[in-house]
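The values are calculated or read from the model by the stated rules, or taken from the named source; none is laboratory data. Just so it is clear, the structure is predicted and the values come from calculations on it, not from any experiment. Heads up, the Cβs are rebuilt from the backbone with ideal geometry, glycines too, and the neighbour counts pull from every protein chain shown. The area values use the complete protein model at the heavy-atom level, side chains included, leaving out ligands, DNA and RNA. Shrake-Rupley method; radii C 1.70, N 1.55, O 1.52, S 1.80 Å.
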Amino acid sequence: MKLDVKIPFSKIKKIQCYVNSSRSTAQIVQSSTGADLVINTAIFDMGTNEILSRVVANGRTYGTKSSAAWGLGFNDDGSVVKTWDNGQNCPNYLGPYSYAVVDSKVNDGLNDKAYRSRMLIGITDDSLVVLGFDDSDSSRCSSKTACEGMLGRGCTFAINMDGGGSVQWASKNNKYKTCFSGRKVPAFLCIYLKDDTKEESTDADNDKTESTGNKKLRAVATKKMNVYDKYGNKESGRYIAKNDVCEIGEITSNLLIPVTYPVSNGTRDAYVKSLEGFTQA
């Protein structure tokens, strides 16, 4: 799947970095924060959970071992600025995993020729641009091609964020079809829009992924998984088998995720507590 949006600065209410003490998914973070769009951000150490690229979340700094670099700062009034190592003291700030566009020129700091999932964010003279795609999307590409894509969307500055299995996003009312990789990550960007705002697609093909409403997502189980009732109690003797094709619903208020999975006489409805262990069908 692909996320390709351009949001005018005038339509942004606020943007906040979100750091979880453990790890979470974009879908769960979106449900708990109410943000209009949540995307994955910082690269991290999967063994220790330590954030490796510089992030400031509501005034608290993470990734202090990373080198100083240009990044994007987010102010409480919704404004977005390019700033050196958050020299403007924005309450929320994203440093780059690597650069993508600097001074309206491609600056491919990642130099990864593999055709992989990627997540990038950048700014034009008047808008915020977000570009993301997973390994199932035909748009997956080398880092250079992704950087060229950000330049082609008018970005004067853009950065790469964590890619590969970390790429994921979720939106309010599932406006942009939720993408999950099955990997929980510790850092996200929460974008809140003014009430009358509709994100602008920068890609005509993106219309296919909008406004899915309550439509369930199809996913394949990559391992055997427990299922739970609506109260979060484990159901004894029932499970989702590896390679089962399931339908995933929208997360509930008590952070359970509806799932319809196959059984011998048809299908059955239950809940799971995480999207880890699923991959997009």
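Condition first: closer than 18 Å to Gln168 by Cα and within 18 Å of the chain's Cα centre (by Cα). Can you find one or more residues in the range 78-96 that meet it?
So in the range 78-96, the residues closer than 18 Å to Gln168 by Cα come out as 94, 96.
So of that shortlist, the ones also within 18 Å of the chain's Cα centre (by Cα) come out as 94, 96.
Checking the range 78-96: at least one residue is closer than 18 Å to Gln168 by Cα and within 18 Å of the chain's Cα centre (by Cα).
Applying a threshold of 7 Å to beta carbon distances and a minimum spacing of six or more residues, or different chains, the list of pairs starting in the range 56-74 at a residue that is within 22 Å of Ile123 (Cα to Cα) and without any contact (Cβ under 8 Å) to a residue 40 or more places away in the chain and ending at one that is surrounded by 11 or more Cβ atoms within 10 Å (Cβ to Cβ) and among the aliphatic types (A, V, I, L, M) reads Gly73/Val81. A search for C-beta distances below 8 Å between a residue of the range 153-176 that is within 16 Å of Asp137 (Cβ to Cβ) and in a loop (DSSP other than H, G, I, E, B) and any residue that is open to solvent by 20 Å² or more (accessible area, probe 1.4 Å) and hydroxyl-bearing (Ser, Thr, Tyr), counting only pairs 6+ apart in sequence or on different chains, returns Gly163/Tyr97; Val167/Ser181; Gln168/Ser181. Per the conditions (1) modelled with pLDDT of 75 or more; (2) open to solvent by less than 40 Å² (accessible area, probe 1.4 Å); (3) not in a loop (DSSP other than H, G, I, E, B), the sole criterion not satisfied by Asn206 is (1).
Applying the set (1) over 13 Å from Lys6 (Cα atoms); (2) surrounded by 24 or more Cβ atoms within 10 Å (Cβ to Cβ); (3) touching a helix residue (DSSP H, G or I) at 6+ places or on another chain (Cβ under 8 Å) to Leu120 leaves exactly one unmet item: (1).
Where strands (runs of 3 or more DSSP E) fall wholly inside the range 1-102, the ranges with 2 or more residues that are open to solvent by 30 Å² or more (accessible area, probe 1.4 Å) and modelled with pLDDT of 95 or more are 12-24, 60-62, 80-84.
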